[in-house]
Amino acid sequence: MTAEIGHFALILALLIATMQATLPLIGAHKGYGSWMATARPAAVTQFGLVAISFGCLTQLYLTSDFSVLNVVQNSHTAKPLIYKIAGVWANHEGSLLLWVLILSLFGSAVAVFGSNLPPRLRARVLSVQAMIAVGFYLFMLLTSNPFERVFPAPINGQDLNPLLQDPGLAIHPPMLYLGYVGFSMAFSFAIAALIEGRVDAAWARWVRPWTLAAWCFLTGGITLGSWWAYYELGWGGWWFWDPVENASFMPWLAGTALLHSSTVVEKRDTLKGWTILLAIITFSLSLLGTFLVRSGVLTSVHAFATDPARGVFILAFLIIVIGGSLALFAWRAPQLVSTGVFQPISREGALLLNNLIMATAAAAVLLGTLYPLLLDAIGGGKISVGPPFFNAVFIPLMVPMIAAMAVGPMLSWKRADLKPALTRLWTAALAAGAIMLAAWALFADGPVMGVLGIGLAGWLFIGTLVELGGRLQLFKVPLSDSFSRLRRTPRAAWGMTLAHLGLAITIAGMVGAGAWRTESIQAMKPGDTVTVAGYEFTFDGAKDGKGPNYSITEGTFRVFKGGKAVVTLNPEKRIYMVSKRQTTEAAIHTTFFGDLYAVVGDQDPSGAYVTRLYFNPLVAWMWGGVVIMVCAGCLSLTDRRHRIGAPAKSRAQGRVTAQTAGA
Amino acid sequence: MKRKHKRLTFVAIALLLLGTAAALVLAAFEDNIVFFYSPTDLAEKQVADGRRIRLGGLVEEGSVKISGGAITLFRVTDLKTTVAVSYKGLLPDLFREGQGVVAEGRLNAGVFTADEVLAKHDETYMPPEVAEALKKSGQWQGQDKK
């Protein structure tokens, strides 16, 4: 019964969405107020229906109703409660339902809190939102119905892939989707603005918080995924340039560019066409990301849901959305008049440079990700494009951008002089030089790129601090004056400074973990000792044990440095009872300077275990830097101008989580 | 600077960036693309020793030997030709005899030295490259996925 209610609610949601996609749009065109007015209740109703549908699916998982195919394939009675809930979205059908749930949640947020939006714009935005939703409802109902029954019902389920039974990965998809779907708001606003033929500062003020919130979620989501890969896959790495990772990284690159260009639209009333185009591209990449991962077109080390039969629908949907919006852009964009003018050397110029580099990088990643698919499709043979390709292309593109990132914030709007900005940065240059020398002394035999990379991180970090110091007039006016300036600095400006500092820390972490990692693979018998980066790992053997729904082999390493005990590491190998699948649980000891990382493998005939030991320098910096970036984004969201300029909007942001909980 | 000149500046920067990116991409493609071979391909085509390639097929039943120093020896087959593989390190969790596998590494005097072994995280799943390799060798027995 629950399954039928969920299914029926989904069909009703499709009908409501169809209405919401058409009536308000026609109403806005013809000026029929009553038609436009249908958008708001429709959006709220749609959300209610999807919430019911989602609730039903969750209920089916909680009660382990094995007459439903989706539950059979992804659940088991012996599974812990949190993974029963996470199982709802850890599969293709359920994850789509989560997608539309978030989409309709955002739509209803616009409906409820968008009283200060011009009615026409609001009607059109909601209508575009509903069009996207219609595509997803049709996709689900026609090809991927989560409520499909199975007869006869099996006694028990097939269990969730054990790799996915992990707290980090339980919240990774919702975070990622909040990001993807958040960009749908920027997209809807962009399309509505194109239809309207007008983009102004008020428009940008509405778009910016949505983009910012989406960016925060996406950043968090990607990082969670990366963190999961780091500790769960047991390969000691955190980013593999895997197609699935790229799928989420491309919208991030485009979204970051959008975040910066929307500032220009808001403050300077220029770069309008470009910002609209970026909004379209960002959401298109989000859609592509969702579908690339879910359609099975990618051969990836961690594509979990695969069914090529859905490919045709997806392709058609992508062509309609991307092609349609780009066609609309080509037709209407020339009407968008920008009033702001600026010189190439200016804040706008720097932001545009950031945008161009980000867009180029996203294009390069897209090419590397899709090229094997294209070549295969035209019968050109099977190839794989791996990390060496992406590192060779992506890193050189990022270097000038990060170098310019320290300078950009010091330039004034409209017209600036490069010379004073560079003069002020002499401390940063000095610091970068010193850091490089220190890194050179420590890792003389390591790659040169590592030394350059860490110097670049230092340049950005100190450069950002210099910019902050300049804003506070530090050491030029009395400290109390600087302090009052500090207090008057708008939160959005703090957000920028902190985010750039966070990025500098993250880059340092990436460089450290990428360039100076020490790895050692060997067979070890109990009592053997191996030295990795100055740490002595003594293997004490392995013993068998039992977890809730798996059995374990647990190895024990005692780690010493200079004769002093540092830590005891217990990596595990788990075998899940239902699926007989194995997973590797790495043991990680995090310190400020690096992670000790141990993995235990199979036993060979002589009784030795294959072990993999790593010292990964500065990994904690990488995660810490991202946390700072996300916090900076959240801080910027609470900026006064979002509350004062458009009062309802920031409330809408704040309630997002509250509503999910209440749903 | 005149408006037209400014626009030209940005167009020039954009073109410069795209040019750089294109050059980087082409250079990287030249060196870093890894071609996929089935065991039969490997026997028929001349593949230079030392070129980085991917080899895919089934892990031959009874061929896996764990020898000292964390080295695993096994054979990859498309049921027509087999290739000996040596791999140092931890095998992926789903590596099993009779299952599909993709190994990346270099050919070294008839033995494939892998530095990376990929097995799908789903035991019922056959990597598409492997399925195709088996189809080509006429040994495909599975059903195509629905």
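Structure summary
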{"quantity": "Computed [θ] at 222 nm, deg cm²/dmol, chain A (DSSP H ≥ 4; -39,500 (n - 2.57); rounded to nearest 500)", "calculated": "-21500 deg cm²/dmol"}
{"quantity": "Under 18 Å from the A:Gln343 label point (7 Å along Cα→beta-carbon), backbone N, the stretch A:414-450", "calculated": "A:414-424"}
{"quantity": "Residue mean of other protein chain beta carbons inside 10 Å, B:23-32", "calculated": "6"}
{"quantity": "Tensor-based shape of the protein assembly as shown (alpha-carbon gyration tensor, a/c under 1.5 rounded, otherwise prolate or oblate)", "calculated": "oblate"}
{"quantity": "Computed label-point distance, nm, for sites A:Asp445 and B:Asn108 using a 7 Å Cα→Cβ extension", "calculated": "2.0"}
{"quantity": "Förster radius 35 Å - calculated FRET efficiency between A:Leu326 and A:Val399, Cβ distance, rounded to 0.05", "calculated": "0.70"}
{"quantity": "Karplus-derived HN-Hα couplings along the stretch A:96-108 (A = 6.51, B = -1.76, C = 1.60, θ = phi - 60°), whole Hz, x at Gly and Pro", "calculated": "5, 5, 4, 4, 5, 4, 5, 4, 6, 4, 5, x, 6"}
{"quantity": "Burial order of peptide ranges A:597-607, B:18-28 (average beta-carbon count within 10 Å, highest first)", "calculated": "A:597-607, B:18-28"}
{"quantity": "Cα gyration tensor shape for the stretch A:166-405, rounded if a/c is under 1.5, else prolate or oblate", "calculated": "prolate"}
{"quantity": "Full-stretch length increase - A:Ala202, A:Lys525 - with 0.36 nm per residue and alpha-carbon distance subtracted", "calculated": "109.5 nm"}
{"quantity": "Under 5 Å, built H, 5+ apart or other chain: amide partners of A:Thr591", "calculated": "A:Leu596"}
{"quantity": "Under 12 Å from A:Lys414, Cα to Cα: aspartates and glutamates that are on another chain or at least 8 residues apart", "calculated": "A:Asp269, A:Glu348"}
{"quantity": "Estimated distance in nm for a label pair at B:Lys45 and B:Arg96, the labels positioned 7 Å out from Cα along Cα-to-Cβ", "calculated": "3.1"}
{"quantity": "B:Phe10/A:Tyr32 FRET efficiency (R0 56 Å; Cβ-Cβ; nearest 0.05)", "calculated": "0.85"}
{"quantity": "Karplus-derived HN-Hα couplings along the stretch A:358-372 (A = 6.51, B = -1.76, C = 1.60, θ = phi - 60°), whole Hz, x at Gly and Pro", "calculated": "4, 5, 4, 4, 4, 5, 5, 5, 4, 4, x, 6, 8, 4, x"}
{"quantity": "Separation of alpha-carbon centers, the stretch A:427-481 and the stretch A:250-285, rounded to whole Å", "calculated": "30"}
{"quantity": "Inter-chain shielding of A:383-394 (mean C-beta neighbours from other protein chains, 10 Å cut-off)", "calculated": "6"}
{"quantity": "Long-range amide H partners of A:Met524 with built H, under 5 Å", "calculated": "A:Tyr609, A:Val610, A:Thr611"}
{"quantity": "Efficiency of FRET from Cβ geometry, A:Val627 and A:Asn156, R₀ 35 Å, rounded to 0.05", "calculated": "0.30"}
{"quantity": "Estimated vicinal HN-Hα couplings, Hz - the stretch A:67-74 in sequence order (Karplus 6.51, -1.76, 1.60; Gly, Pro = x)", "calculated": "8, 9, 3, 4, 5, 4, 6, 10"}
{"quantity": "Reachable aspartates and glutamates from A:Lys525, criterion Cα separation under 18 angstrom, eight or more residues apart if same chain", "calculated": "A:Glu536, A:Asp540, A:Asp544, A:Glu554, A:Glu572, A:Asp602, A:Asp604"}
{"quantity": "Inter-chain Cβ neighbour average for residues A:518-529, partner chain, 10 Å", "calculated": "2"}
{"quantity": "Projected label distance in nm at A:Leu138 and A:Lys546, using a 7 Å step from Cα toward the beta-carbon", "calculated": "5.3"}
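Quick note: the coordinates plus some simple rules give every number you see, no bench work behind them. These numbers were taken from a predicted model, which means no experiment stands behind them. Every residue, glycine as well, gets a Cβ built from its backbone with ideal geometry; the counts of neighbours run over all protein chains shown.
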